[in-house]
Structures are given as structure tokens and as C-alpha cells.
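Notes follow the structure.
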Amino acid sequence: MTGTEQQHRDVVPALGAAPWARPSREVLAAAGVDPRAGLPAGEAAARLAAEGPNEVRTRRPVSLLGSILAQLRDTLILLLLGAAVLTAAVGDVVDCAVILLVVVVNTTLGVVQERRAVRAVEALTDLVAPTARVLRDGGDVWLPTRELVRGDVLRLAAGDVVGADARLLRSSRLQVDESVLTGESLPVDRDADQVSPEDAPLGDRAGMVHAGTTVVRGSAEALVVATGARSAVGRVSTLVQDERSPDTPLQRRLDRLGRQIAAGVAVACLLFVASGLLRGQPWETTVVTAAALAAAAVPDSLPAVVALALARGAARMSRLGAVVRTLPAVETLGSVTLLATDKTGTLTRGAMVADRLWTPAEGETAVGPGPGPAARALLEAAALCNDADPSGAGAGGAAGGADTETSLVRAALAGGLDVTALRAAHPRLSEEPFDALTRRMTTVHRAPGGGTTELTKGAPEALPPGLPGLPQALEVAHRWAAEGSRVLGVARDGVLLGVVALDDPVRPEAAGAIAACHRAGIRPVLVTGDHAGTAAAVARAVGLVDDAHPAEGAVLARVEPEGKLRLVDAWQDEGHVVAMTGDGVNDAPALRAADIGVAMGQRGTEVAKQAADIVLADDSLATVTAAVAEGRRVYDNVRRFVGYGMAGGISEVLVMLLGPVVGLALPLTPAQVLWVNLLTHGPVGVAMGAEPPSPDVLARPPRRPDEGVLDRVLTRQLALLAVAIAATCLAVAAWSDATGGPWQTQLFVTLTTAQLFLALAVRPGGSWRRGVRSGAGWVPLAAAGSLLLLLAGVYLPGLGELLRTEPLAVAELLPAVAAGAVPAALLLAARALGARVV
């Protein structure tokens, strides 16, 4: 044991593990604190010096320079920097500047993403109350929460935010909102006399209160047992800091593609240089041409295409209600294979509603206008044996958050009762508050005609035994509880009036969203801190669990923050791309660790929003499924451009390597190679990133996580297209050379038009029938613009001299352009015959 540890133990007595598992008097005795006087100020100061302040500590963040250098080590970025050097070497200053701009933009985006973890942890410090009321030296004092120490005696009342984890010493009708830590939609009862098992999850520790939670009702005194990093919020902070957002699927695929391109370009250039030198070609010309060929073979506009496609996708997602915090998240959502969704506020509304009644006389009825006499009597009793303010209950409506008592008052108002007048006519004479042991509340009221009436409200099984109709009421209560409802029974003067069901209603769009996940091949899983019965009922209600989709592995209840994190890691180890939704502090580590974290914008905590990649403005899971389609669109467009761009680049390499074989010593000059690359990969490539989605975008399963951009189908397609383009170009040049024509200029025209026609041919189905607003019109416009620039390179004085082209007669131009359409025609024919085309 170190000297610091020994000093710490001497100053702060060991309270033992799991204070919720021992009676409060034992924990108090171990702390050595007088509950009537609290800690002496001097001892509190010594403990504060030994343990440090009660605050979330943040690690020293990585420097800005370190973040920038980490981004520059990316394979594709290194490849682009090499291309920039090569373009500068051959004098193409414009291309060099464009490539460097792309590098700067992509590096900036990556650095911004890395700074999110710091903001996520900083948001945790805003969660805990700034001040707390404690007992020190025999009197109450208010002090900053950061000065709380273990052994302090907290005094809590309704509305207080708990400043540290504490073992209850005394409590009266205490209810605490723990939704930020557990995800439960209802406040939970907490009782100083309760003792829980050592392995009880946080939500079941009935004798504890935790930092960041809010006292909804009652009062209490509690002994602080954990502060700072040792508290529940502190552990979440540690988990968030320790988790690094994984590289997105697109980042991993582009990294692999970059290595493949680098290897291919290096081999092609070496072959070109070797063949040129063996033919006796001047080494200066050979090396400069090889440099131009390498620059052309690298799809240097790919990062720009990716960035602009992601930016457009983010803008479209924003219009759908999904605010994208990091651009790579746009595509990642389209790669998702498993969606782990929260229950409260995501699948449900997050507000309790009393929606069903049962009375012995009228049976089961819905809450609403015009209740029958028995139902009206039940609603009257529920509103009288109740402390909720009817004015606040009426203002909130069904959409607002509500505890049990507020929900009952709202039900009475919905039934047409004037609760204020009802209470004035039945003034309360005495009450027996709700108690966690008896699980019921009893009030006595003066009746309008004289005398008194006694009302009891509580768990049906906690009502006085022997009430007429109670066995039937218990049957109804058990059935409703199995469906996920919370059930309360109400009795008046020893007569059972009936039972009321309270539910957190399922959002109307949730079932459609889950069905869309199933159709899209995404596995939905419900992960919640709530009870298993409630979770299973909600899962059945939204179609997450049915005959075709068993509950095993699809409904996970009573899951704590560490548990959610372990689940995410396990799913990722199985090869899944995981999307996790959440809104509470308990969700932050899992949101950070998931491939895509989705936070709720309306009811989500700032911690969850900062840890997430996407924030839903409407808290609707349907927005997630719509955004999945947008993510798939982005990846499809990027992959389509890769196939198109690499087919063109490889065809240029083949033309330069095989040209001498058919008697063409130097098929294209370095300037011509770079001009072709600019026209085919520049505006056209960027426009391809805006193409509309394919009709089947949500009707097909997600691609395999281990599948690269260049799968077998795309590799075969681009190889065949590259051969077709190269063969067509060499055939045109050989024929022109044999007839004494301007073969090099005709080859230049054919090579360019072949790629422009190909850009039009690889468009997704139905694109020609859509307008510019959908993004469908940009590729034809870009291709037309590139065609004009091609003609300028042939006929415009000055530019033609720079490119070393010759003006072509119409009889020379038309065959070169027509030949360029051959590879695209072959692709369209293959698609018409049923071949799989990307």
C-alpha cells in the first residue's frame, strides 16, 4: 500500500462494498458519523483533501497537432499526397491545388470527430446539482456539490437533484426519477429500510439514491457513500472516456481500397517505365509520363465525392428530422446490421397514461368522455386519493411526462370530472401516505351529505383482503401486468371500486419502423433498464417479437450502462455494424462505442447527445429507418463512382502500356492524360454522389460488414469495362494511324467520351424519370459540360496547343465519339439480359 493510499484510508473510513446490501445503521456505524450532527468541518476538509472534489474528472485531451497527424496517416490521404507530388512534378498546378484542398477538408472533418469525447464528458458535469444541503457541525449548510465527501449526511426534498451516491438513513414517501441512469419512465419508490442483494442492478437498489437523479416526492436523509469517479455518473464518465468511436465501415473500406490502388499504381508505373526504357524512349519523357499516369490512375476526386455525398446526405437527413453530428455517420447508418433500441421515448411515448378501467359492475372500459356510473365512481375516488395538482395535469396533456398520480387526475379530467370542484366538495380530513411496505395510500374525506368516506389506492394485491370482487380484479390485474401495464386498485369504505391500468403508450409509427427494419435485413433488439415484463409487452406490441421473430436475444431488460457496453462489444465481435439509440446518461458509453450512436433530441440528456453521432429531432424510430435509406444511397453512389473511376483509370493504364504493342509509341502526352482525368473524375464524379437511391434500397439486406468496396461483382465489372474501353480506344487509334489520320487526338476523344457515356450508363434504375431536385439531373449536366470542355481541348486555340491536339474534321470526330459509346452499350445490354450490374 502506498503512502497516499494509507493516508486516504486513515482519513476516510472504509464503508465496505455494496452499501445497498446492508442495513443503513451498519453503513452509518462503519462511516463513524453522528447522524444528528454530521461531519465536523475540519474532518470534512481532510476527507476532501484526501479524496479530491466530487466532480467528473476529464483526461487530458489529445493535442490538436496530434489529431491532425493521426488523420494524415490514413492510407487514402497518403495516396492523395503522393498524387499531389506527382501532379506538381509534371507541372499541373491546378490538379495539385485541388488534391491538397481535398486533403485539408477531409483532415478537418476527422479532427472534428475526435473532439467529441471531450464534450461528452464535459456534459456530465452539468448533470449533478451545483449545490447540496448537508448536515455539518450539527446544522444545515448549503455548499457546492463538488465539496461533498463520503460520510456527509445529505438532506433531500422534492425537486432536489441528488449530489452524490448515498445510502438512505431516513425517508418519507420518497420517490426519485432515475430515468437518466436506468431509462425507467416512472419515478421509483426509495425506502431507507430496504436492503437489496449485492448483485442488484442500479435500478433495484431501493435503499440508495444516486448522483444526477431527481427527488420527485417526499423527503430523506442519506449518507454519502460514493463521490466523483466512484459514483454511478463517474463510472459512466470513465466508460465514455475509455471508449473510442470505431472507424466507420466506409472508412475501413476506403482504407483497404487505398492500399489496393497504391499497390496497383506502383506495379503499373514500374511496368510502364521498364517497357519505355527497353524501347529506347528518353528516360525524362518516360518518367514524366509515368508520373502523369500514376496521378490519373488515382481517383483523386474520390474523397471529394465522399465528402459531398455525405454532406448532401446529412442535409437530407436533417429535413427528415435526423441531425447529423459527424458526416461519416451518414453512411454508417446505411451499413447497420443490428439496431439496439431503447424503449422509453423511442418505442413508447415516454409518458404514463391511465387508459383502461375495470369495475365489477361494468367490466373493462376505456378512459374517455361519458363514463358509466361505476367507472365514474372509480375515477372520482382515484382523483380524491391523490396529491397531484389538477391544473398542472390538465396543462401537460398526454404528451407531457407524468407520474402515476398525475396520470390518474388526467384520466378523471378526460372522463369529464371537475377535479377541483370534486376536492372542494370532499375535503380531506386525514391521510395515510403511500408506503413502500404497505404499497397503498389511504385518505379520509368529509362527505357532502355529512359523515366521512375512506378511500384506498394501491397495488391490487395490497388492498385489504376479503373485498367483494377482489379475486376477479386480481385476475384482470395479472393479465394487464403481463401486457406491460402498471395496475392500481381503488376501494371506498371497504368496497372495491375497480382497477386502473397505466401504460406508456406505444408510438404509432414504431410498428412500421420495426417492420421496415425487418424488410431491410436489420436485426432490431430492445435493450432497456426497465422490467422484463414491460419490455416484452412493448416488443410484442410493436412487432419486434412475433411468430417469425422469437424473443430470445431480441428483448434484453434490466441492463445497466456497463451491460449495454458489453453488449455492443459482443455484437461487434460477432461482425455486426451496431446502431444504438438512447437518451439517458446510462446510454452514453454504449452510444460512444457503437458504430452509430443515435440520441433522442427532445427528451435526451446533453450527455447522450454529445456522445452520439446522430440526434433525432422528433425522437422517432421511424426517422432512423428513413435515414438508413439515405445512408445506403450514399454508399451506393460512392461504390458506383469507385467502379466507374477505376474502370477509367485502369483503361488509361492499359492504353499506355499496350499502345506501343500496336505501334503507338506514346499513346497520350502527360497533359492529355491529366485532362482526361479532370473531365471524367471531376464534375462528373462529384455529380455521381448526388444520384437518387435505387428503388430497392430498403428491400435488400445490408452488405456484409467484412465486404470491401471492391467485391467480386464490382471487380469483374470494372475489369471488363476497362478492357472494353482500352480495346475500343486502341482500335480507333490503330485504324486512324493506319489511314494516316490524327490518331492521338482521336484516341484522346474516344477515351474521354467512353468514360462520359459510362457515367450515364451506370446510373441507378429510374434515374432518368426523376428531376434535378432529387439529384438525378446533375450527372447528365456534368457530362454535357465535360463534353464541351473536351471539344474546347480539341478546337480552342491555345488550349489545343497546350494539350498537343489537332482539330478534327466532322468525319474524324464522329467515329471517335461513336466508338466511345461501345463500352456503355455493352454494359446496358448486359443489364437488359439480367446480369448483375453495380
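The values are calculated or read from the model by the stated rules, or taken from the named source; none is laboratory data. Nothing here was measured: the structure is a model prediction, and the numbers come from that model. Every residue, glycine as well, gets a Cβ built from its backbone with ideal geometry; the counts of neighbours run over all protein chains shown. We work out accessible area using only protein heavy atoms, side chains counted, and drop any ligands, DNA or RNA first. Shrake-Rupley method; radii C 1.70, N 1.55, O 1.52, S 1.80 Å.
Looking only at the stretch 145-167, filter to residues that are farther than 13 Å from A226 by Cα and in contact with a strand residue (DSSP E or B) (Cβ under 6 Å, 6 or more places away or on another chain); which one of those is surrounded by the most Cβ atoms within 10 Å (Cβ to Cβ)? Step by step, filter the stretch 145-167, then rank; the result is L156. Among residues of the stretch 147-176 that are in a strand (DSSP E or B), those with a beta-carbon under 9 Å from a residue that is open to solvent by less than 10 Å² (accessible area, probe 1.4 Å) and acidic (D, E) at least six positions away or on a different chain give the pairs A166/D152. Elements of the type strands (runs of 3 or more DSSP E) sitting completely within the stretch 324-420 and holding at least 1 residues that are closer than 30 Å to N637 by Cβ and at pLDDT 90 or above: these cover 338-341.
Scan (1) modelled with pLDDT of 90 or more; (2) within 18 Å of D504 (Cα to Cα); (3) surrounded by 24 or more Cβ atoms within 10 Å (Cβ to Cβ) for the single condition R540 breaks and write down its number. Among (1) modelled with pLDDT of 90 or more; (2) within 18 Å of D504 (Cα to Cα); (3) surrounded by 24 or more Cβ atoms within 10 Å (Cβ to Cβ), the lone unmet condition for R540 is (3).
Does V495 satisfy the condition of being open to solvent by less than 50 Å² (accessible area, probe 1.4 Å) and of a type in the set (V, I, T)? Spelling it out, it is not the case that V495 is open to solvent by less than 50 Å² (accessible area, probe 1.4 Å) and of a type in the set (V, I, T). Checking each residue in the stretch 433-451 for being open to solvent by 90 Å² or more (accessible area, probe 1.4 Å) and in a strand (DSSP E or B) picks out only R446. Residue-level check: of (1) touching a residue at least 60 places away in the same chain (Cβ under 8 Å); (2) surrounded by fewer than 23 Cβ atoms within 10 Å (Cβ to Cβ); (3) under 30 Å from A570 (Cβ atoms), P468 misses just (3). Looking at the structure I just gave you, is V779 among the β-branched types (V, I, T) and either without any contact (Cβ under 8 Å) to a residue 12 or more places away in the chain or farther than 30 Å from R712 by Cβ (or both)? No, not satisfied. Scan the stretch 566-599 for residues that are outside any loop (DSSP other than H, G, I, E, B), open to solvent by 10 Å² or more (accessible area, probe 1.4 Å) and either among the acidic types (D, E) or under 18 Å from K343 (Cα atoms) (or both) and the total you get is 3. The single condition from (1) within 21 Å of G234 (Cα to Cα); (2) small (G, A, S); (3) at pLDDT below 90 that S172 fails is (1).
Residue pairs whose Cβ atoms lie under 8 Å apart, separated by 6 or more positions or on different chains, with the first residue in the stretch 615-632 and buried (at least 20 other Cβ atoms within 10 Å of the Cβ) and the second among the acidic types (D, E) and assigned to a loop (DSSP other than H, G, I, E, B), are D619/D583; S620/E509; L621/E509; A622/E509. Residues in the stretch 649-670: is at least one touching a residue at least 24 places away in the same chain (Cβ under 8 Å) and within 21 Å of V306 (Cα to Cα)? Within the stretch 649-670 (the criterion being touching a residue at least 24 places away in the same chain (Cβ under 8 Å) and within 21 Å of V306 (Cα to Cα)), the answer is yes, since at least one residue qualifies. Please work out if A722 is open to solvent by 20 Å² or more (accessible area, probe 1.4 Å) and in contact (Cβ under 8 Å) with a residue 40 or more places away in the chain. The answer is no for A722.
Hey, does the stretch 600-610 have a residue that's open to solvent by 10 Å² or more (accessible area, probe 1.4 Å) and either of a type in the set (A, V, I, L, M, F, W, C) or modelled with pLDDT of 85 or more (or both)? Checking the stretch 600-610: not a single residue is open to solvent by 10 Å² or more (accessible area, probe 1.4 Å) and either of a type in the set (A, V, I, L, M, F, W, C) or modelled with pLDDT of 85 or more (or both).
Is it true that R60 is over 30 Å from C269 (Cα atoms), at pLDDT 85 or above and open to solvent by 50 Å² or more (accessible area, probe 1.4 Å)?
no
Listed here are the residues, each with its yes/no results for (1) farther than 23 Å from R259 by Cβ; (2) part of a loop (DSSP other than H, G, I, E, B); (3) touching a helix residue (DSSP H, G or I) at 6+ places or on another chain (Cβ under 9 Å); (4) open to solvent by 20 Å² or more (accessible area, probe 1.4 Å).
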position	(1), (2), (3), (4)
V686	yes, no, yes, yes
V697	yes, yes, yes, no
R700	yes, yes, yes, yes
E707	no, yes, yes, yes
L714	no, no, yes, no
A727	yes, no, yes, yes
F748	yes, no, yes, no
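Working only within the stretch 503-512, note down all residues that are surrounded by fewer than 23 Cβ atoms within 10 Å (Cβ to Cβ) and either assigned to a loop (DSSP other than H, G, I, E, B) or hydroxyl-bearing (S, T, Y) (or both). Correct list: P505, R507, P508, E509. Taken residue by residue, the stretch 156-167 has at least one member that is over 26 Å from T346 (Cα atoms), modelled with pLDDT of 85 or more and among the charged types (D, E, K, R).
The condition (being free of Cβ contacts under 8 Å to residues at least 60 places away in the same chain, in a helix (DSSP H, G or I) and closer than 26 Å to S407 by Cα) is satisfied by just one residue among A515, A537: A537.
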